[in-house]
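Chemist: Below are the structure tokens for one structure; questions will follow.
The values are calculated or read from the model by the stated rules, or taken from the named source; none is laboratory data. What you see is a predicted model; the values in this text were computed from it and never measured. Note that each Cβ is placed from the backbone with ideal geometry, even for glycine, and that neighbours are counted across all protein chains shown.
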Amino acid sequence: MILHNIPFVRQKGMIFYEIVVAMQKVGCSILWIFLVFTGCHPGGVEKYQPSSDRTREKYATPEPGTFLKPGAYSIMKKFNQIMKDPEGYRLPADWMLDILATPQKKMVDTTLRLSEVPVPVRIYYPTRNSLEGNHPVILFFHGGGFIMGDIETYHVMVSKLARITGQIVISVDYRLAPEYPFPAALQDCYNALKWLQEHGSSIGVDTTRISIMGDSAGGNIATVLTLMCRDRERPQPRCQILVYPGVTFVDTLTSSRNYFCNSPEMIYILSESFLRKVKSEYMGDEPNDRHPYLSPLEANLTGDLCPALIITAECDPLRDDGRLFARKMEAAGVDVQYCEYSGMIHGFMSFHMILSDALLAMKEIRDFVESK
């Protein structure tokens with residue numbers, strides 16, 4: 001069934017992330033065609049500096065000395081066009097998403113049952129080798145500010161991640177706020193990890209090689225799980241991959257949040273009103289925004305936490321939080337690798353069909369998990 005003119009604005013303030021979700025789908029069709037015909041050729045992860053004054057002016061961001069890469073600029077331009085007329089854009093049909101997803105040797109939708117609340121998951125077996133058993137796995141938690149997103153939203157990106165890494169990938173469909181505020185999502189993801197540690201061999205997983213990964217809100221969940229495992233004296237995952245993670249609910253006006261949440265000329269995916277909505281709806285009745293399972297940046301980090309790869313985007317309100325978290329991890333003795341993608345925006349890895357940096361990030365993730 002083709003979905004036409006789906007209303008994006010369900011509540012005031014929801015439009016920002018709903019458009020991102022739509023763009024992750026539209027990006028597979030409308031944006032892909034748009035960028036092909038505009039001839040965008042983004043570069044690598046090195047610091048991006050436009051070669052002429054004209055291009056410097058075009059790609060300049062509110063933060064002095066930073067510039068969007070051409071592909072990211074085109075996405076942002078389209079994003080802002082959609083913001084002006086959100087109901088004038090169409091989402092592609094489900095069958096189109098299936099075609100654009102990277103083929104797998106096997107894919108299974110199932111539920112993991114460790115408590116009275118079953119946890120829906122999608123399991124990706126990308127290669128013949130991944131079907132032979134005793135294979136490493138990445139447990140993936142999607143983004144969406146804890147209030148949006150699901151397995152389907154991330155299907156195209158996660159299928160590509162599975163193929164590039166060659167690992168089994170399990171995408172978790174955790175419960176969302178405001179219907180299920182903190183700590184419901186966290187408990188679902190903890191149960192999924194615990195189930196894998198105890199029963200993963202039944203689905204072909206090597207239970208000693210479980211990596212956990214999340215982007216944005218999912219990055220928050222992933223790193224909080226390492227704290228929960230430490231505090232509950234359970235085995236640590238083999239490693240954690242945090243992609244442009246949100247790691248604090250404390251309202252600190254960092255440089256990146258100031259520049260990229262308050263630009264009068266362009267919306268950089270995340271707005272201040274959206275971040276505040278996320279905080280209100282996810283925290284629910286929890287009064288302490290410094291709770292370590294809400295704000296791991298405020299937590300007591302220790303050297304016995306598993307190794308971490310933290311990936312951030314240079315032109316992202318959450319960039320500085322990721323930087324600070326990497327520094328705090330390093331100071332605590334955690335084995336941490338940090339990489340900031342120059343000229344990129346929040347959510348860039350979902351646009352791997354457009355941005356070469358997204359593919360580079362996935363290959364970096366592959367190399368990191370293989371090294372651990």
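Chemist: Which residue pairs have Cβ atoms under 6 Å apart, sit 6 or more places apart or on different chains, and have a first residue in the stretch 187-212 that is closer than 14 Å to CYS229 by Cβ and a second that is part of a helix (DSSP H, G or I) and of a type in the set (Val, Ile, Thr)?
Modeler: As it stands, the answer is CYS189/ILE221; SER211/VAL369, since those pairs meet every condition given.
Chemist: Go through the stretch 288-335 and give me each residue that's assigned to a loop (DSSP other than H, G, I, E, B), surrounded by 15 or more Cβ atoms within 10 Å (Cβ to Cβ) and in contact with a Pro (Cβ under 8 Å, 6 or more places away or on another chain).
Modeler: Those that are assigned to a loop (DSSP other than H, G, I, E, B), surrounded by 15 or more Cβ atoms within 10 Å (Cβ to Cβ) and in contact with a Pro (Cβ under 8 Å, 6 or more places away or on another chain): TYR293, ALA299, CYS306, LEU318, VAL334.
Chemist: A further question follows. Just wondering, is there one or more residues in the stretch 241-252 that are surrounded by fewer than 21 Cβ atoms within 10 Å (Cβ to Cβ), touching a strand residue (DSSP E or B) at 6+ places or on another chain (Cβ under 9 Å) and within 21 Å of ASN191 (Cα to Cα)?
Modeler: No, every residue in the stretch 241-252 fails to be surrounded by fewer than 21 Cβ atoms within 10 Å (Cβ to Cβ), touching a strand residue (DSSP E or B) at 6+ places or on another chain (Cβ under 9 Å) and within 21 Å of ASN191 (Cα to Cα).
Chemist: Same structure again: Which of (1) closer than 15 Å to PRO317 by Cα; (2) at pLDDT 95 or above does SER271 not meet, given it meets every other one?
Modeler: (2)
Chemist: Here are some residues: GLN236, GLN240. Which one is part of a strand (DSSP E or B) and of a type outside the set (Gly, Ala, Ser)?
Modeler: GLN240
Chemist: Please go through the stretch 153-176 and pick out each residue that is more than 17 Å from the chain's Cα centre (by Cα), in a loop (DSSP other than H, G, I, E, B) and surrounded by fewer than 21 Cβ atoms within 10 Å (Cβ to Cβ).
Modeler: Once the filter is applied, which keeps residues that are more than 17 Å from the chain's Cα centre (by Cα), in a loop (DSSP other than H, G, I, E, B) and surrounded by fewer than 21 Cβ atoms within 10 Å (Cβ to Cβ), the stretch 153-176 yields only GLY166.
Chemist: Filtering the stretch 336-348 down to residues that are in contact with a Phe, Trp or Tyr (Cβ under 8 Å, 6 or more places away or on another chain) and not polar (S, T, N, Q), which residue is surrounded by the fewest Cβ atoms within 10 Å (Cβ to Cβ)?
Modeler: Taking the candidates together, the pick is HIS346.
Chemist: Okay, next question. Given (1) farther than 15 Å from GLY214 by Cα; (2) modelled with pLDDT under 95; (3) not acidic (Asp, Glu), where does GLY166 come up short, assuming only one miss?
Modeler: Here GLY166 meets the rest and fails (2).
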